[in-house]
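The values are calculated or read from the model by the stated rules, or taken from the named source; none is laboratory data. Remember, predicted model here, so these are calculated numbers, not experimental data. Note that each Cβ is placed from the backbone with ideal geometry, even for glycine, and that neighbours are counted across all protein chains shown.
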Amino acid sequence: MSEVQLNKKKIDEALLNFKKANYNEAISILKILEKEQSHFLIYWYLGHSYFRISDYSSAIGYVEKSIELKKPDKLNLSFLAEIYLQANRYEEAITKFNEVLKIDNNNINALFNLGKINIQIGNIEKAEKIYNKIIEIDSSNLATWYELIKINKK
């Protein structure tokens with residue numbers, strides 16, 4: 001069996017564990033793969049696995065490595081921003097969500113999360129402006145309408 005096939009077998013095993021929510025087992029296999037080769041998908045799955053077990057510090061490090069090896073895109077930047085948000089690292093989350101908006105200035109997910117962060121840090125007026133922008137883009141966005149109603153009740 002060649003090394004490529006062996007690695008493919010390990011990758012398949014890691015992904016199967018990930019899909020079955022056996023995140024610690026997936027991490028163990030992916031860490032072995034990481035020693036053998038540097039590939040953005042290995043780091044991406046490590047980041048997602050650590051995120052699923054709420055180890056946000058490790059998740060951030062691995063998602064950052066994945067992004068370094070691959071051109072930053074809105075999906076990966078948005079996920080990294082969401083990890084920062086879960087870790088209550090609001091400034092970093094804001095920075096990453098703004099990077100997403102530089103790629104896609106009407107990204108509903110990034111805007112919605114920026115609204116949530118502004119609520120968390122007490123900047124209600126800014127959150128309201130962000131939510132209103134979302135409504136301009138997608139007037140049927142119920143989650144955003146709900147957030148606006150909550151703001152107006154305060």
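A few remarks follow.
- All helices (runs of 4 or more DSSP H) inside region 1-114 with 2 or more residues being surrounded by 21 or more Cβ atoms within 10 Å (Cβ to Cβ): 23-36, 40-52, 56-69, 74-86, 90-103
- Taking the criterion of being small (Gly, Ala, Ser) and over 21 Å from Ile94 (Cβ atoms), the residues of region 126-149 that qualify are Ser139, Ser140.
- So Asn152, is it farther than 18 Å from Ile94 by Cβ, exposed (fewer than 15 other Cβ atoms within 10 Å of the Cβ) and modelled with pLDDT under 95: yes
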